[in-house]
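**Student:** Here's a structure for you.
Just so it is clear, none of the values below were taken in a lab; they were calculated from the coordinates. No experiment lies behind these values; they were computed from the predicted model shown. When we count neighbours, we look across all protein chains shown, and the Cβ atoms used for this are built from the backbone with ideal geometry, even at glycine.
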Amino acid sequence: MLEIIRLVLGPVSTNCYLIADPDSDDAAVIDPAWDGHVILAEAQKRGWRIGQLWYTHAHFDHIGGAAEIAEALSPLPIVALHPLDHDLWQIQGGALLFGMRIDPGPKPMVDLAHGQRLHLGSMTFEVRHTPGHTPGHCVFYCEQADMLFSGDLIFQGGVGRTDLPGGNWDVLVESIREQVYTLPEETRILSGHGEESTVGEEKGKNPFVRA
C-alpha cells in the first residue's frame, strides 16, 4: 500500500507529497516545494530512501526544495520533468516575476511523456500530459491506489491559473475533461494546493469546469 506524507511548504502553501512503498522503503518526492530539510527529515525518521523527484511542472513553488534534497543525497535522485517545462526550470521557475530567487537544483534527467510509466517499489504511476497551467504540466495517476496527483491542474473546487506565461484556459479545460474526468469517480485527487477531493466531487461541483 502506498504511503503518503503531505507537507505544506513555502511562500504560497504548496503541497509537497513524500510517497513511499513501505515494502521496499523506496521513496519519491512529488513537487519538492520548499524547505528540503523538512522533506529529508520526514523520510529519514521513517527509514525511507528518496531516489526520485517527480515534478508536475516547473513553477518555483513546486521545485524550491530540490537543491537542498539533492545536496544531502548520494547518489543524486532521479529528477523527472516534461521537456516543455525545461525552459521554465532554467529561469528558476519564474521566481524572479515574484521578486524571489531560488536554486532550481539538479538538471532534470528524465523527460516525462504522456503514457509513460513511473515505478516506485511495487507501485506504478501513469504520466498524463495535462498542459494549460504550463505547457509541460503533467499529473501522476496510480490506479493501484485510486489516486491522482494533480499538481496545479485542478483543485478542490478550483483550477490552476492560466494568466502566467505559457498558460492557456481552453487547453486547461480540455486537459481536465480528458485526463481527469475520465478516471473512476472514486479516484482521490491530491492537488498542488489546498485539500484533497475526488474525481466524482469535481465533476459534479467544480464551478470552473463541469463534466
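**Student:** Lysines within cross-link reach of K107: Cα-Cα under 29 Å, excluding same-chain residues under 8 positions apart?
**Tutor:** By straight Cα distance, K107 reaches K45.
**Student:** Over the chain, what is the percentage of antiparallel beta bridges among all DSSP beta bridges, to the nearest 5? Let's see the in-between values first.
**Tutor:** Working: 27 of 41 bridges.
Once the DSSP bridges in the chain are tallied, antiparallel ones form about 65 percent.
**Student:** Which ³J(HN,Hα) values in Hz, rounded to whole numbers, follow from the phi angles of region 178-193 under the Karplus curve 6.51 cos²θ - 1.76 cosθ + 1.60, where θ = phi - 60° and Gly and Pro get x?
**Tutor:** Calculated HN-Hα couplings, in order: 8, 10, 10, 5, 8, 7, x, 5, 7, 4, 6, 10, 10, 9, x, 8 Hz.
**Student:** Something else now. What FRET efficiency do you get for I4 and T182 if R0 is 22 Å and r is their Cβ-Cβ distance, rounded to the nearest 0.05?
**Tutor:** In this case the efficiency is close to 0.45.
**Student:** Hey, another quick one. What list of whole percents do you get for P(r) of region 3-205, with Cα-Cα distances grouped in 5 Å bins up to the one holding the largest distance?
**Tutor:** It works out to 1, 8, 17, 22, 22, 16, 9, 3, 0, 0, in whole percents.
**Student:** Using Cα pairs closer than 8 Å and at least 6 residues apart in sequence, work out the relative contact order for region 3-205, in percent.
**Tutor:** Details: 478 pairs, mean separation 31.3, N = 203.
Across region 3-205, relative contact order equals 15 percent.
**Student:** Applying the Karplus parametrisation 6.51 cos²θ - 1.76 cosθ + 1.60 with θ = phi - 60° to the phi angles of region 71-82, what ³J(HN,Hα) value in whole Hz is obtained for each residue in order, glycine and proline being reported as x?
**Tutor:** Ordered by residue, 3J(HN,Hα) equals 5, 8, 10, 9, x, 4, x, 6, 10, 10, 8, 5 Hz.
**Student:** Give me a comma-separated list of calculated 3J(HN,Hα) values for region 98-105, in order, Karplus coefficients 6.51, -1.76, 1.60 applied at θ = phi - 60°, integers in Hz, x for any Gly or Pro.
**Tutor:** Once rounded to whole Hz, the list reads 10, x, 10, 10, 9, 8, x, x.
**Student:** A follow-up question, please. If I stretch the segment between H86 and A113 completely, what's the gain in nm (0.36 nm per residue apart, minus their alpha carbon distance), one decimal?
**Tutor:** On the way: separation 27, 0.36 × 27 = 9.72 nm, distance 1.31 nm.
Between H86 and A113, full extension yields 8.4 nm more.
**Student:** Would you mind estimating how fast region 71-183 diffuses translationally, via Stokes-Einstein at 4 °C and 1.567 mPa s with the Kirkwood radius over Cα pairs, in µm²/s?
**Tutor:** Numbers: Rh = 15.2 Å.
Calculated translational D: 85 µm²/s.
**Student:** Rg to Rh for region 2-92: what is it, with Cα atoms only and Rh by Kirkwood? Walk me through the numbers on the way to the answer.
**Tutor:** Values: Rg = 12.3 Å, Rh = 12.9 Å.
That ratio is 0.95, to two decimals.
**Student:** Only four residue types carry charge here, +1 at the Cβ of Lys and Arg and -1 at the Cβ of Asp and Glu. Report the dipole size of region 3-205 about the Cα centre in Debye, rounded to the nearest 20. Could you put the intermediate results ahead of the total?
**Tutor:** Numbers: 13 positive and 29 negative charges, 53 e Å.
In debye, rounded to 20, region 3-205 gives about 260.
**Student:** I want to verify a result. In a Gaussian network model of the chain, Cα cutoff 10 Å, which of these has the top mean-square fluctuation: G36, G132, G99?
**Tutor:** Comparing G36, G132, G99 in the GNM, the peak value goes to G99.
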